[in-house]
Amino acid sequence: MTVLAVGPRKPPAGNTVEVWFDAGSAATGQRVMVPAKRLTLSDQDRGEGTTALYEYESPDRRN
C-alpha cells in the first residue's frame, strides 16, 4: 500500500527519516520514523520549500 507523507526535502544521512502522515478528515496526523528506502518523491511534489511530499511504500502485512 502506498501512503503520502511529508518529510524533509533533504533527508538526513542514515537509514531512517521522520515523516508526517495525515490521519484524514478532522483528525490530527502523526510523526513517524520510517526506513528512508521506502520513500519516493511524489509526482505531486512542487519542488519548493524545506519539506517534500513523498510516497511511502508500506510493507504488505497480508502474508
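May I ask you to give the percent of accessible area on the chain that is carbon plus sulfur, with a probe radius of 1.4 Å?
The value for the chain is 49 percent carbon and sulfur by accessible area.
Do any GluC sites (Glu not before Pro) in the chain lie in a DSSP loop with no more than 16 other beta carbon atoms within 10 Å, and if so, which?
Here the GluC sites (Glu not before Pro) that fit, given the DSSP loop and packing criteria, are E48.
If you average the sequence gap of Cα pairs under 8 Å that are 6 or more apart and divide by the length of the chain, what percent do you get for the contact order?
On the way: 109 pairs, mean separation 25.9, N = 63.
Computed over the chain, the figure is 41 percent.
Give, rounded to the nearest 20 debye, the magnitude of the charge dipole that the chain has about its Cα centre when Lys and Arg contribute +1 at Cβ and Asp and Glu contribute -1 at Cβ.
Charge dipole, the chain, about its Cα centre: 200 debye, nearest 20.
Looking at [x] 31, 10, 8; [y] 18, 16, 12; [z] 29, 13, 5, which value of semi-axes √(5λ) of the Cα gyration tensor in Å comes from a calculation on the structure shown?
Step by step, semi-axes √(5λ) of the Cα gyration tensor in Å for this structure corresponds to label [y].
Enter the accessible area per residue of the range 3-63 (Å², integer; probe 1.4 Å; all protein chains in place).
78 Å²
The values are calculated or read from the model by the stated rules, or taken from the named source; none is laboratory data. Predicted, not measured: the structure shown is a model, and the values here were computed from it. Methodologically, a virtual Cβ is constructed for each residue, glycine included, from the backbone with ideal geometry; neighbour enumeration extends over all protein chains shown. Please note that ligands, DNA and RNA were not included when accessible areas were found on the heavy atoms of the full protein model with its side chains. Shrake-Rupley method; radii C 1.70, N 1.55, O 1.52, S 1.80 Å.
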